[in-house]
1. Looking at this structure, is T45 at pLDDT 95 or above, under 30 Å from L158 (Cα atoms) and either of a type in the set (D, E) or assigned to a loop (DSSP other than H, G, I, E, B) (or both)?
2. If I filter region 71-93 for residues that are of a type in the set (S, T, N, Q), touching an Asp or Glu at 6+ places or on another chain (Cβ under 9 Å) and in contact (Cβ under 8 Å) with a residue 24 or more places away in the chain, do I get at least one hit?
3. Can you tell me how many residues in region 85-134 are within 22 Å of L56 (Cα to Cα), aliphatic (A, V, I, L, M) and in contact with a helix residue (DSSP H, G or I) (Cβ under 7 Å, 6 or more places away or on another chain)?
4. Assess whether Q136 counts as being more than 21 Å from the chain's Cα centre (by Cα) and either surrounded by 11 or more Cβ atoms within 10 Å (Cβ to Cβ) or not in a loop (DSSP other than H, G, I, E, B) (or both).
5. Evaluate region 73-80: report whether one residue or more is at pLDDT below 95 and part of a helix (DSSP H, G or I).
6. Might you check whether a residue that is surrounded by 19 or more Cβ atoms within 10 Å (Cβ to Cβ), in contact (Cβ under 8 Å) with a residue 12 or more places away in the chain and under 30 Å from Q122 (Cα atoms) occurs anywhere in region 21-41?
7. Residue by residue through region 95-111, note down the ones that are surrounded by 14 or more Cβ atoms within 10 Å (Cβ to Cβ) and either assigned to a helix (DSSP H, G or I) or acidic (D, E) (or both).
8. With respect to K74, is the statement that it is among the basic types (K, R), open to solvent by 30 Å² or more (accessible area, probe 1.4 Å), in contact with a helix residue (DSSP H, G or I) (Cβ under 6 Å, 6 or more places away or on another chain) and closer than 21 Å to G127 by Cα true?
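The values are calculated or read from the model by the stated rules, or taken from the named source; none is laboratory data. Keep in mind it's a predicted model, so treat the numbers as computed, not measured. Positions of Cβ are generated from backbone atoms using ideal geometry, with glycine treated the same way; all protein chains shown enter the neighbour counts. SASA here: full protein model, heavy atoms, side chains in, ligands and nucleic acids out. Shrake-Rupley method; radii C 1.70, N 1.55, O 1.52, S 1.80 Å.
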Amino acid sequence: MKKNYRAGATGALLDEYERAISDLKSVIAAIPDAALTKILDPLTTDENCRSVQTILTHVVHSAYGYATSIHQAKGHHLQRPEKILRGSVKEYSTDLSAVFAFTENVFGEIGDAELEQPDESQKIKSGWGQSYDIEQLTEHAIVHILRHRRQIEKFKLLMNG
């Protein structure tokens with residue numbers, strides 16, 4: 001099957017983001033819904049990382065946060081959706097598809113020349129205080145998915161062990 005690639009640097013970012021989300025959806029596909037809420041890291045101080053459910057809720061909420069921040073930097077005033085704990089892998093898969101579609105829509109008005117921004121005053125200030133241009137924030141969003149995919153893979157070993 002032939003893979004269709006999007007054009008340009010924005011297309012490359014979207015292709016890699018879509019791939020990261022697709023890989024995450026593949027990792028979670030076989031997790032039974034009843035296992036979503038099982039506490040697999042009771043020692044963590046991060047409430048977002050105790051169970052597959054909390055991780056996926058955090059991933060979806062964060063993904064909307066990244067895209068909404070970029071959207072706001074373009075002059076829009078949309079707020080990101082609230083966190084929603086889901087009860088099934090299917091619902092999380094749907095949420096992941098929806099947040100990617102939202103991100104893709106946000107990127108519809110971003111040209112390749114807008115991705116990098118050396119001027120600190122024009123960068124997007126994250127909720128944790130770091131400043132990013134659009135490219136850096138999107139790369140962070142992609143790696144965020146990858147890191148939590150890896151974490152869920154490790155959780156799956158605990159579930160099966």
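1. Values: at pLDDT 95 or above: yes; under 30 Å from L158 (Cα atoms): yes; either of a type in the set (D, E) or assigned to a loop (DSSP other than H, G, I, E, B) (or both): yes.
Judged against the criteria, T45 is a match.
2. yes
3. 5
4. On the way: more than 21 Å from the chain's Cα centre (by Cα): no; either surrounded by 11 or more Cβ atoms within 10 Å (Cβ to Cβ) or not in a loop (DSSP other than H, G, I, E, B) (or both): yes.
In short, no.
5. yes
6. Within region 21-41, one or more residues are surrounded by 19 or more Cβ atoms within 10 Å (Cβ to Cβ), in contact (Cβ under 8 Å) with a residue 12 or more places away in the chain and under 30 Å from Q122 (Cα atoms).
7. Filtering region 95-111 for residues surrounded by 14 or more Cβ atoms within 10 Å (Cβ to Cβ) gives 95-100, 102-104, 106-107, 110.
Hits for region 95-111 are D95, L96, S97, A98, V99, F100, F102, T103, E104, V106, F107.
8. Working: among the basic types (K, R): yes; open to solvent by 30 Å² or more (accessible area, probe 1.4 Å): yes; in contact with a helix residue (DSSP H, G or I) (Cβ under 6 Å, 6 or more places away or on another chain): no; closer than 21 Å to G127 by Cα: yes.
Against the criterion (among the basic types (K, R), open to solvent by 30 Å² or more (accessible area, probe 1.4 Å), in contact with a helix residue (DSSP H, G or I) (Cβ under 6 Å, 6 or more places away or on another chain) and closer than 21 Å to G127 by Cα), K74 does not qualify.
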